[in-house]
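The values are calculated or read from the model by the stated rules, or taken from the named source; none is laboratory data. It should be emphasised that the depicted structure is a prediction, and the values quoted were computed from it without experimental measurement. Because the Cβ atoms are built from the backbone with ideal geometry, glycine has one as well, and the counts that use them run over all protein chains shown. Just so you know, the surface numbers come from the protein's heavy atoms only, side chains and all, with ligands and any DNA or RNA stripped out. Shrake-Rupley method; radii C 1.70, N 1.55, O 1.52, S 1.80 Å.
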Amino acid sequence: MAKKKNGSIIYKCSSCGYMQPRWLGRCPECAEWNSFEECIADETPRQLSILGSQAGFSTRAKPVPLSTVNPMEGSRISTGIAEFDRVLGDGAMKRSAVLIGGEPGIGKSTLLLQTAAKIAETIPSAKILYVSGEESPAQIRARADRLGLTKSVQAGAIELLCTTRLADIEAALNNINPIFVVIDSIQTVYSADAGIVPGTVNQLKFCGNELIGWVKERDSVLFLAAHVTKEGQIAGPKSLEHMVDTVISFERNDEQVRFLRAQKNRFGSVDELGIFAMTETGLIAVEDPSALFITRRNGAIPAGVASVPVFEGSRVFLVEIQALTVPAKAAITRVYSDKIDSARVSRVAAVLEKRIGLRFSDQDLYINVAGGVRLTESAIDGALAAALYSARTDLPLPEGTALAGELSLAGEIRPVNRLKQRVKAAVTLGYTNVVAPEQEESTFCVKDIKSLIKHLFG
(Lines give C-alpha, C1' and ligand atoms only; values in the text may rest on other atoms or scores of the structure.)
Protein backbone atom coordinates (compact mmCIF):
# COMPACT_ATOMS: atom_id res chain seq x y z
CA MET A 1 0.00 0.00 0.00
CA ALA A 2 1.35 3.39 -1.00
CA LYS A 3 1.94 5.83 1.82
CA LYS A 4 0.73 9.39 1.82
CA LYS A 5 3.18 12.05 0.84
CA ASN A 6 3.68 14.64 3.59
CA GLY A 7 0.93 12.93 5.57
CA SER A 8 -2.00 14.05 3.32
CA ILE A 9 -1.16 14.05 -0.42
CA ILE A 10 -1.15 11.02 -2.69
CA TYR A 11 -1.30 10.54 -6.47
CA LYS A 12 -4.04 8.38 -7.97
CA CYS A 13 -4.38 7.13 -11.55
CA SER A 14 -7.64 8.37 -13.03
CA SER A 15 -7.77 5.38 -15.36
CA CYS A 16 -7.20 2.35 -13.11
CA GLY A 17 -7.12 3.79 -9.57
CA TYR A 18 -3.49 2.85 -8.86
CA MET A 19 -2.06 4.95 -5.97
CA GLN A 20 1.48 6.23 -5.74
CA PRO A 21 3.17 8.63 -3.25
CA ARG A 22 4.91 10.56 -6.05
CA TRP A 23 3.82 11.77 -9.45
CA LEU A 24 4.81 9.64 -12.45
CA GLY A 25 4.43 10.40 -16.12
CA ARG A 26 3.19 6.89 -16.90
CA CYS A 27 1.11 4.56 -14.74
CA PRO A 28 2.98 1.27 -14.11
CA GLU A 29 -0.34 -0.55 -13.70
CA CYS A 30 -2.29 0.40 -16.86
CA ALA A 31 0.49 2.12 -18.88
CA GLU A 32 -1.58 5.32 -19.33
CA TRP A 33 0.37 8.57 -19.78
CA ASN A 34 -0.31 11.68 -17.65
CA SER A 35 -3.14 9.97 -15.76
CA PHE A 36 -1.99 10.70 -12.19
CA GLU A 37 -4.04 13.25 -10.25
CA GLU A 38 -3.09 14.82 -6.95
CA CYS A 39 -5.57 13.70 -4.29
CA ILE A 40 -6.19 14.40 -0.63
CA ALA A 41 -6.76 11.35 1.56
CA ASP A 42 -9.91 11.71 3.69
CA GLU A 43 -8.78 9.18 6.34
CA THR A 44 -6.13 9.28 9.01
CA PRO A 45 -2.89 7.26 8.56
CA ARG A 46 -4.22 4.48 10.79
CA GLN A 47 -7.50 4.30 8.84
CA LEU A 48 -5.54 4.17 5.57
CA SER A 49 -3.60 1.14 6.73
CA ILE A 50 -6.84 -0.60 7.73
CA LEU A 51 -9.03 0.35 4.75
CA GLY A 52 -6.38 -0.15 2.08
CA SER A 53 -7.73 0.42 -1.44
CA GLN A 54 -11.20 1.27 -0.06
CA ALA A 55 -9.96 4.49 1.52
CA GLY A 56 -11.62 7.70 0.41
CA PHE A 57 -9.76 10.24 -1.71
CA SER A 58 -10.86 13.52 -3.20
CA THR A 59 -9.13 15.22 -6.11
CA ARG A 60 -7.36 18.39 -5.09
CA ALA A 61 -9.16 21.45 -6.47
CA LYS A 62 -7.08 23.79 -8.61
CA PRO A 63 -8.01 27.08 -10.31
CA VAL A 64 -8.26 27.09 -14.11
CA PRO A 65 -8.53 30.04 -16.54
CA LEU A 66 -12.11 30.80 -17.54
CA SER A 67 -11.14 30.91 -21.22
CA THR A 68 -9.96 27.28 -21.11
CA VAL A 69 -13.23 25.87 -19.71
CA ASN A 70 -15.22 23.80 -22.21
CA PRO A 71 -18.85 25.09 -22.14
CA MET A 72 -20.11 21.70 -23.35
CA GLU A 73 -18.54 19.87 -20.41
CA GLY A 74 -21.71 20.15 -18.37
CA SER A 75 -23.92 18.42 -20.91
CA ARG A 76 -27.43 17.30 -20.06
CA ILE A 77 -29.06 13.90 -19.76
CA SER A 78 -32.58 13.63 -21.17
CA THR A 79 -35.02 12.01 -18.77
CA GLY A 80 -37.08 10.68 -21.67
CA ILE A 81 -40.14 12.53 -20.31
CA ALA A 82 -40.76 15.77 -22.23
CA GLU A 83 -42.62 17.60 -19.45
CA PHE A 84 -39.93 16.69 -16.91
CA ASP A 85 -37.18 17.86 -19.27
CA ARG A 86 -39.05 21.14 -19.78
CA VAL A 87 -39.11 21.90 -16.05
CA LEU A 88 -35.44 20.89 -15.60
CA GLY A 89 -34.36 23.16 -18.46
CA ASP A 90 -34.19 20.78 -21.44
CA GLY A 91 -32.85 17.84 -19.44
CA ALA A 92 -30.95 17.12 -16.25
CA MET A 93 -27.52 18.72 -16.05
CA LYS A 94 -24.65 16.34 -15.32
CA ARG A 95 -22.91 16.77 -11.96
CA SER A 96 -26.05 18.35 -10.51
CA ALA A 97 -28.37 17.53 -7.62
CA VAL A 98 -32.16 17.87 -7.91
CA LEU A 99 -34.50 18.00 -4.91
CA ILE A 100 -38.14 16.98 -5.51
CA GLY A 101 -40.74 17.73 -2.84
CA GLY A 102 -44.41 16.85 -2.68
CA GLU A 103 -47.10 15.59 -0.37
CA PRO A 104 -47.37 11.84 0.31
CA GLY A 105 -48.91 9.82 -2.49
CA ILE A 106 -48.61 12.56 -5.12
CA GLY A 107 -46.34 10.47 -7.36
CA LYS A 108 -42.70 11.35 -6.58
CA SER A 109 -41.56 7.73 -6.50
CA THR A 110 -43.59 6.92 -9.59
CA LEU A 111 -42.05 9.78 -11.56
CA LEU A 112 -38.50 8.91 -10.50
CA LEU A 113 -38.98 5.20 -11.28
CA GLN A 114 -40.42 6.06 -14.70
CA THR A 115 -37.48 8.39 -15.33
CA ALA A 116 -34.99 5.69 -14.36
CA ALA A 117 -36.66 3.26 -16.76
CA LYS A 118 -36.67 5.82 -19.60
CA ILE A 119 -32.95 6.55 -19.15
CA ALA A 120 -32.15 2.83 -19.04
CA GLU A 121 -34.14 2.40 -22.25
CA THR A 122 -32.58 5.29 -24.17
CA ILE A 123 -28.99 4.77 -22.92
CA PRO A 124 -28.40 1.00 -23.11
CA SER A 125 -25.05 1.06 -21.28
CA ALA A 126 -26.28 3.33 -18.47
CA LYS A 127 -26.02 2.20 -14.87
CA ILE A 128 -28.79 3.42 -12.57
CA LEU A 129 -28.97 3.17 -8.78
CA TYR A 130 -32.37 3.47 -7.10
CA VAL A 131 -32.04 3.80 -3.31
CA SER A 132 -35.16 3.44 -1.19
CA GLY A 133 -35.34 3.89 2.55
CA GLU A 134 -39.11 3.39 2.72
CA GLU A 135 -39.90 0.38 0.51
CA SER A 136 -38.61 -3.15 -0.02
CA PRO A 137 -37.28 -4.44 -3.36
CA ALA A 138 -40.45 -6.48 -3.81
CA GLN A 139 -42.64 -3.38 -3.43
CA ILE A 140 -40.58 -1.45 -5.96
CA ARG A 141 -40.68 -4.39 -8.40
CA ALA A 142 -44.47 -4.61 -7.98
CA ARG A 143 -44.79 -0.91 -8.86
CA ALA A 144 -42.53 -1.35 -11.89
CA ASP A 145 -44.65 -4.28 -13.09
CA ARG A 146 -47.85 -2.28 -12.60
CA LEU A 147 -46.40 0.60 -14.62
CA GLY A 148 -45.19 -1.78 -17.33
CA LEU A 149 -41.55 -0.76 -16.95
CA THR A 150 -39.84 -4.13 -16.53
CA LYS A 151 -40.48 -5.20 -20.13
CA SER A 152 -38.62 -2.25 -21.66
CA VAL A 153 -35.64 -2.23 -19.28
CA GLN A 154 -32.79 -4.63 -19.89
CA ALA A 155 -31.65 -6.83 -17.03
CA GLY A 156 -29.17 -5.23 -14.67
CA ALA A 157 -29.67 -1.66 -15.90
CA ILE A 158 -31.41 -0.54 -12.68
CA GLU A 159 -29.85 -1.58 -9.37
CA LEU A 160 -32.06 -1.46 -6.26
CA LEU A 161 -30.66 -0.71 -2.82
CA CYS A 162 -33.05 -0.64 0.12
CA THR A 163 -31.17 0.87 3.04
CA THR A 164 -31.04 3.96 5.22
CA ARG A 165 -27.31 3.86 6.01
CA LEU A 166 -25.20 6.45 4.21
CA ALA A 167 -22.14 4.15 4.32
CA ASP A 168 -24.00 1.46 2.34
CA ILE A 169 -25.12 4.02 -0.24
CA GLU A 170 -21.60 5.40 -0.69
CA ALA A 171 -20.17 1.90 -1.09
CA ALA A 172 -22.76 1.09 -3.77
CA LEU A 173 -22.08 4.38 -5.57
CA ASN A 174 -18.35 3.71 -5.72
CA ASN A 175 -18.89 0.13 -6.83
CA ILE A 176 -21.53 0.75 -9.54
CA ASN A 177 -20.57 4.30 -10.60
CA PRO A 178 -24.08 5.07 -11.95
CA ILE A 179 -25.00 8.03 -14.17
CA PHE A 180 -28.44 8.38 -12.57
CA VAL A 181 -28.99 8.14 -8.80
CA VAL A 182 -32.32 8.29 -6.95
CA ILE A 183 -32.52 8.68 -3.16
CA ASP A 184 -36.09 8.08 -1.97
CA SER A 185 -36.15 9.81 0.38
CA ILE A 186 -33.34 11.95 1.81
CA GLN A 187 -35.11 12.22 5.19
CA THR A 188 -34.63 8.48 5.78
CA VAL A 189 -30.84 8.47 5.25
CA TYR A 190 -28.59 8.65 8.30
CA SER A 191 -24.92 8.43 9.17
CA ALA A 192 -23.38 7.46 12.50
CA ASP A 193 -21.06 10.46 12.18
CA ALA A 194 -24.08 12.82 12.47
CA GLY A 195 -26.05 10.91 15.11
CA ILE A 196 -28.35 7.91 15.16
CA VAL A 197 -31.72 9.61 14.48
CA PRO A 198 -32.66 10.05 10.79
CA GLY A 199 -34.35 13.23 9.59
CA THR A 200 -32.66 15.67 11.95
CA VAL A 201 -31.14 18.91 10.72
CA ASN A 202 -27.61 17.60 11.17
CA GLN A 203 -28.41 14.35 9.38
CA LEU A 204 -29.97 16.11 6.38
CA LYS A 205 -27.07 18.54 6.03
CA PHE A 206 -24.37 15.90 6.53
CA CYS A 207 -25.88 13.18 4.32
CA GLY A 208 -26.95 15.66 1.67
CA ASN A 209 -23.49 17.18 1.52
CA GLU A 210 -21.82 13.77 1.19
CA LEU A 211 -24.11 12.64 -1.64
CA ILE A 212 -23.90 15.96 -3.49
CA GLY A 213 -20.11 15.93 -3.14
CA TRP A 214 -19.99 12.48 -4.76
CA VAL A 215 -22.08 13.49 -7.77
CA LYS A 216 -20.16 16.76 -8.29
CA GLU A 217 -17.01 14.76 -9.12
CA ARG A 218 -18.67 12.50 -11.69
CA ASP A 219 -20.82 12.76 -14.82
CA SER A 220 -23.89 11.71 -12.90
CA VAL A 221 -27.22 13.21 -11.84
CA LEU A 222 -28.58 12.93 -8.31
CA PHE A 223 -32.32 13.10 -7.54
CA LEU A 224 -33.39 13.48 -3.92
CA ALA A 225 -37.03 12.92 -3.00
CA ALA A 226 -38.09 14.98 0.03
CA HIS A 227 -40.98 15.04 2.47
CA VAL A 228 -43.05 18.20 2.91
CA THR A 229 -44.72 19.88 5.88
CA LYS A 230 -48.43 20.58 6.30
CA GLU A 231 -47.89 23.96 4.66
CA GLY A 232 -46.41 22.28 1.57
CA GLN A 233 -42.81 23.37 2.25
CA ILE A 234 -39.93 20.89 2.02
CA ALA A 235 -39.30 19.48 5.49
CA GLY A 236 -35.94 20.15 7.09
CA PRO A 237 -33.55 23.08 6.93
CA LYS A 238 -33.50 25.60 4.11
CA SER A 239 -29.79 24.89 3.80
CA LEU A 240 -30.68 21.63 2.01
CA GLU A 241 -32.39 23.67 -0.69
CA HIS A 242 -29.34 25.92 -0.92
CA MET A 243 -27.03 22.93 -1.36
CA VAL A 244 -28.78 21.44 -4.38
CA ASP A 245 -28.87 22.92 -7.88
CA THR A 246 -32.58 22.51 -8.58
CA VAL A 247 -35.64 22.44 -6.32
CA ILE A 248 -38.86 21.09 -7.84
CA SER A 249 -42.29 21.05 -6.22
CA PHE A 250 -44.97 18.50 -7.07
CA GLU A 251 -48.53 19.85 -6.75
CA ARG A 252 -51.99 18.56 -7.51
CA ASN A 253 -55.36 20.12 -8.26
CA ASP A 254 -57.44 16.96 -7.96
CA GLU A 255 -56.99 13.22 -7.86
CA GLN A 256 -55.57 12.98 -11.40
CA VAL A 257 -53.77 16.14 -12.55
CA ARG A 258 -50.26 16.91 -11.27
CA PHE A 259 -48.24 20.10 -11.71
CA LEU A 260 -44.44 20.08 -11.72
CA ARG A 261 -42.79 23.46 -11.13
CA ALA A 262 -39.19 24.53 -10.42
CA GLN A 263 -38.73 26.80 -7.41
CA LYS A 264 -34.98 27.06 -8.02
CA ASN A 265 -32.93 26.13 -11.07
CA ARG A 266 -29.30 27.07 -11.60
CA PHE A 267 -29.30 25.70 -15.13
CA GLY A 268 -32.67 26.79 -16.51
CA SER A 269 -35.83 28.83 -16.08
CA VAL A 270 -38.12 28.61 -13.06
CA ASP A 271 -41.15 29.68 -15.11
CA GLU A 272 -41.79 26.38 -16.87
CA LEU A 273 -44.75 24.24 -15.81
CA GLY A 274 -44.97 20.49 -16.35
CA ILE A 275 -48.47 18.98 -16.43
CA PHE A 276 -49.14 15.29 -15.88
CA ALA A 277 -52.15 13.06 -15.44
CA MET A 278 -51.97 10.17 -13.01
CA THR A 279 -53.29 6.97 -14.61
CA GLU A 280 -53.13 3.25 -13.91
CA THR A 281 -49.95 3.05 -15.97
CA GLY A 282 -48.24 5.96 -14.20
CA LEU A 283 -47.79 9.62 -14.98
CA ILE A 284 -48.43 10.70 -18.56
CA ALA A 285 -47.97 14.15 -20.08
CA VAL A 286 -51.12 16.17 -20.78
CA GLU A 287 -51.22 16.82 -24.52
CA ASP A 288 -53.79 19.65 -24.44
CA PRO A 289 -53.16 21.72 -21.28
CA SER A 290 -55.77 24.37 -22.21
CA ALA A 291 -58.49 21.75 -21.85
CA LEU A 292 -57.71 21.67 -18.11
CA PHE A 293 -58.10 25.40 -17.56
CA ILE A 294 -61.04 26.27 -19.82
CA THR A 295 -64.49 24.91 -19.00
CA ARG A 296 -66.33 23.63 -22.06
CA ARG A 297 -69.93 24.85 -21.96
CA ASN A 298 -72.88 24.25 -24.23
CA GLY A 299 -74.95 27.18 -22.97
CA ALA A 300 -74.24 30.82 -22.22
CA ILE A 301 -71.29 31.94 -20.11
CA PRO A 302 -72.34 32.59 -16.50
CA ALA A 303 -71.60 35.81 -14.68
CA GLY A 304 -68.28 36.09 -12.89
CA VAL A 305 -66.18 34.22 -15.48
CA ALA A 306 -63.34 35.72 -17.52
CA SER A 307 -60.56 34.14 -19.63
CA VAL A 308 -56.94 35.30 -19.80
CA PRO A 309 -53.92 34.05 -21.80
CA VAL A 310 -51.03 33.48 -19.37
CA PHE A 311 -47.42 32.52 -19.95
CA GLU A 312 -45.95 29.56 -18.10
CA GLY A 313 -42.36 29.46 -19.22
CA SER A 314 -42.38 29.19 -23.01
CA ARG A 315 -46.03 28.17 -23.40
CA VAL A 316 -49.29 30.12 -23.41
CA PHE A 317 -52.35 28.75 -21.63
CA LEU A 318 -55.87 30.13 -21.72
CA VAL A 319 -57.02 30.13 -18.11
CA GLU A 320 -60.49 30.80 -16.74
CA ILE A 321 -60.83 33.02 -13.66
CA GLN A 322 -64.04 32.59 -11.67
CA ALA A 323 -65.32 35.19 -9.20
CA LEU A 324 -68.20 35.25 -6.73
CA THR A 325 -69.32 38.12 -4.50
CA VAL A 326 -71.79 37.72 -1.61
CA PRO A 327 -72.79 40.10 1.20
CA ALA A 328 -70.37 39.91 4.10
CA LYS A 329 -71.51 37.71 6.98
CA ALA A 330 -69.53 39.72 9.52
CA ALA A 331 -68.35 43.26 10.08
CA ILE A 332 -65.02 42.44 8.41
CA THR A 333 -65.08 41.34 4.78
CA ARG A 334 -62.86 38.51 3.62
CA VAL A 335 -61.16 37.38 0.44
CA TYR A 336 -61.09 33.64 -0.23
CA SER A 337 -58.48 32.96 -2.90
CA ASP A 338 -55.75 30.31 -2.86
CA LYS A 339 -54.73 30.26 -6.55
CA ILE A 340 -54.39 34.05 -6.88
CA ASP A 341 -52.76 36.16 -4.18
CA SER A 342 -55.52 37.57 -1.97
CA ALA A 343 -53.66 40.91 -1.78
CA ARG A 344 -53.90 41.19 -5.59
CA VAL A 345 -57.65 40.47 -5.43
CA SER A 346 -58.16 43.15 -2.77
CA ARG A 347 -56.12 45.66 -4.78
CA VAL A 348 -58.10 45.09 -8.00
CA ALA A 349 -61.40 45.34 -6.07
CA ALA A 350 -60.24 48.62 -4.51
CA VAL A 351 -59.40 50.07 -7.94
CA LEU A 352 -62.85 49.10 -9.23
CA GLU A 353 -64.52 50.69 -6.21
CA LYS A 354 -62.52 53.92 -6.56
CA ARG A 355 -62.54 54.35 -10.36
CA ILE A 356 -65.91 52.79 -11.26
CA GLY A 357 -67.88 53.43 -8.09
CA LEU A 358 -68.91 49.80 -7.66
CA ARG A 359 -68.90 48.90 -3.98
CA PHE A 360 -66.99 45.84 -2.78
CA SER A 361 -66.28 46.89 0.81
CA ASP A 362 -69.39 45.10 2.09
CA GLN A 363 -68.82 41.91 0.07
CA ASP A 364 -66.99 38.66 0.68
CA LEU A 365 -64.94 37.80 -2.41
CA TYR A 366 -64.39 34.24 -3.63
CA ILE A 367 -61.87 33.68 -6.42
CA ASN A 368 -61.10 30.41 -8.16
CA VAL A 369 -59.00 29.33 -11.16
CA ALA A 370 -60.34 26.51 -13.32
CA GLY A 371 -57.92 23.60 -13.38
CA GLY A 372 -56.27 24.59 -10.09
CA VAL A 373 -53.20 26.30 -11.53
CA ARG A 374 -51.63 29.10 -9.46
CA LEU A 375 -51.43 32.49 -11.23
CA THR A 376 -48.83 35.08 -10.27
CA GLU A 377 -48.18 37.33 -13.28
CA SER A 378 -49.63 40.84 -13.50
CA ALA A 379 -51.24 40.20 -16.93
CA ILE A 380 -54.26 38.65 -15.19
CA ASP A 381 -55.36 41.97 -13.62
CA GLY A 382 -57.69 42.92 -16.47
CA ALA A 383 -59.44 39.54 -16.51
CA LEU A 384 -59.68 39.55 -12.70
CA ALA A 385 -61.27 43.01 -12.74
CA ALA A 386 -63.78 41.92 -15.41
CA ALA A 387 -64.66 38.77 -13.44
CA LEU A 388 -65.22 40.78 -10.23
CA TYR A 389 -67.37 43.37 -12.01
CA SER A 390 -69.37 40.60 -13.71
CA ALA A 391 -69.93 38.77 -10.43
CA ARG A 392 -70.97 41.96 -8.59
CA THR A 393 -73.43 43.12 -11.28
CA ASP A 394 -74.50 39.63 -12.38
CA LEU A 395 -73.76 40.57 -16.00
CA PRO A 396 -71.85 37.92 -18.01
CA LEU A 397 -69.01 38.82 -20.36
CA PRO A 398 -69.66 38.56 -24.12
CA GLU A 399 -68.94 35.13 -25.56
CA GLY A 400 -65.50 34.57 -27.06
CA THR A 401 -63.82 37.25 -24.92
CA ALA A 402 -60.27 37.03 -23.57
CA LEU A 403 -58.45 39.77 -21.67
CA ALA A 404 -54.81 40.59 -20.98
CA GLY A 405 -53.48 43.63 -19.19
CA GLU A 406 -51.98 44.94 -15.96
CA LEU A 407 -54.14 47.24 -13.82
CA SER A 408 -52.47 50.20 -12.11
CA LEU A 409 -53.77 51.93 -8.98
CA ALA A 410 -54.71 54.91 -11.18
CA GLY A 411 -57.04 52.67 -13.19
CA GLU A 412 -54.77 52.41 -16.24
CA ILE A 413 -54.52 49.20 -18.27
CA ARG A 414 -50.80 48.79 -18.78
CA PRO A 415 -49.05 46.75 -21.51
CA VAL A 416 -47.86 43.18 -20.87
CA ASN A 417 -44.93 41.31 -22.35
CA ARG A 418 -45.25 38.97 -25.33
CA LEU A 419 -48.75 40.20 -26.20
CA LYS A 420 -48.59 38.92 -29.77
CA GLN A 421 -48.12 35.32 -28.63
CA ARG A 422 -50.99 35.67 -26.15
CA VAL A 423 -53.32 37.00 -28.81
CA LYS A 424 -52.32 34.27 -31.24
CA ALA A 425 -53.03 31.55 -28.68
CA ALA A 426 -56.45 33.03 -27.85
CA VAL A 427 -57.46 33.34 -31.52
CA THR A 428 -56.31 29.77 -32.18
CA LEU A 429 -58.66 28.51 -29.46
CA GLY A 430 -61.62 30.37 -30.98
CA TYR A 431 -61.69 33.65 -29.03
CA THR A 432 -63.00 36.41 -31.31
CA ASN A 433 -62.89 39.37 -28.89
CA VAL A 434 -59.40 39.83 -27.40
CA VAL A 435 -59.13 42.92 -25.19
CA ALA A 436 -55.63 44.29 -24.62
CA PRO A 437 -53.87 47.59 -23.82
CA GLU A 438 -52.02 47.64 -27.17
CA GLN A 439 -53.30 47.44 -30.72
CA GLU A 440 -52.59 44.09 -32.32
CA GLU A 441 -54.32 42.11 -35.00
CA SER A 442 -57.67 40.75 -33.70
CA THR A 443 -57.56 42.91 -30.55
CA PHE A 444 -59.66 45.74 -29.13
CA CYS A 445 -57.44 48.35 -27.47
CA VAL A 446 -58.37 49.79 -24.06
CA LYS A 447 -56.32 52.24 -22.00
CA ASP A 448 -58.10 52.34 -18.63
CA ILE A 449 -60.57 50.43 -16.51
CA LYS A 450 -63.51 52.64 -17.52
CA SER A 451 -63.07 51.92 -21.24
CA LEU A 452 -62.62 48.23 -20.43
CA ILE A 453 -65.90 48.02 -18.51
CA LYS A 454 -67.71 50.11 -21.12
CA HIS A 455 -66.55 47.86 -23.97
CA LEU A 456 -67.51 44.66 -22.15
CA PHE A 457 -70.74 45.63 -20.43
CA GLY A 458 -71.94 48.79 -22.22
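Taken about its Cα centre, the chain carries a charge dipole of about 680 debye when Lys and Arg each add +1 at the Cβ and Asp and Glu each add -1 at the Cβ. Entry note: the stretch 207-285 has Rg to Rh equal to 1.00, where both radii use alpha-carbon atoms and Rh is the Kirkwood radius.
Taking amide hydrogens as placed 1.01 Å from N in the peptide plane, the amide H of MET93 sits under 5 Å from those of ILE77, each at least 5 positions away in sequence or on another chain. What base-10 log of the normalised intensity I(q)/I(0) is obtained for the stretch 355-406 from the Debye formula, alpha carbons as equal point scatterers, at q = 0.13, 0.16, 0.25, 0.30 Å⁻¹? Normalising to I(0) and taking log10 leaves -0.36, -0.55, -1.25, -1.37.
Using the Karplus relation 6.51 cos²θ - 1.76 cosθ + 1.60 with θ = phi - 60°, the per-residue 3J(HN,Hα) values for the stretch 288-295 come to 10, x, 5, 5, 6, 9, 10, 7 Hz, with x marking Gly and Pro. The amide H of LEU407, built 1.01 Å from its N in the peptide plane, has ASP381, GLY382, ARG414 as neighbours under 5 Å, considering only residues 5 or more places off or on other chains.
For helix 201-216, report the angle its Cα long axis makes with the longest principal axis of the Cα atoms of the chain; keep it between 0 and 90° and round to the nearest 10°. Here the helix axis deviates by roughly 70 degrees. Axis of helix 342-355 versus longest Cα principal axis of the chain: the two differ by about 20°, to the nearest ten degrees.
Treating each Cα of the stretch 89-188 as an identical point scatterer and summing with the Debye formula, the log10 of I(q)/I(0) at q = 0.11 Å⁻¹ comes to -0.31. With viscosity 1.002 mPa s and temperature 20 °C, the Kirkwood radius over alpha carbon pairs of the stretch 148-248 converts through Stokes-Einstein to a diffusion coefficient of 147 µm²/s. The alpha-carbon atoms of the stretch 327-458, seen along their principal axes, cover 47, 30, 25 angstrom, with the largest extent given first. With the gyration tensor restricted to C-alpha atoms of the chain, the semi-axes of the equivalent ellipsoid amount to 54, 22, 21 Å, longest first.
Solvent-accessible area per residue in the stretch 108-184 equals 44 Å², computed with a 1.4 angstrom probe and all protein chains kept.
Helix 419-428 and the long axis of the chain differ in direction by around 70°, with both axes built from C-alpha atoms. Full extension of the chain between LYS450 and LYS216 yields a length gain of 78.5 nm, computed as 0.36 nm times the residue separation minus the alpha carbon distance.
The stretch 307-338 and the stretch 263-301 have Cα centres separated by 18 Å.
Under 16 Å from a point 7 Å along the Cα-to-Cβ line of SER361: which residues of the stretch 340-355 have their amide N that close? It comes to 346-355, nothing else. Surface composition of the stretch 361-426: carbon plus sulfur atoms contribute 47% of the solvent-accessible area (1.4 Å probe, protein chains only, all chains present).
Over the chain, dividing the summed -39,500 (n - 2.57) contributions of all DSSP H runs of at least 4 residues by the number of residues returns a 222 nm mean residue ellipticity of -8000 deg cm²/dmol.
Under a model in which nothing but the beta-carbon of Lys, Arg (+1) and Asp, Glu (-1) is charged, the stretch 185-297 shows a dipole of about 260 debye around its Cα centre. Where the centre of each part is set by its Cα atoms, how far does the stretch 418-439 sit from the stretch 121-187, in angstrom? So the two Cα centres are separated by 47 Å. Is the stretch 369-436 rounded, prolate or oblate when judged by the Cα gyration tensor, a ≥ b ≥ c being the square roots of its eigenvalues, rounded requiring a/c under 1.5 and prolate requiring a/b larger than b/c? Here the stretch 369-436 falls in the rounded category.
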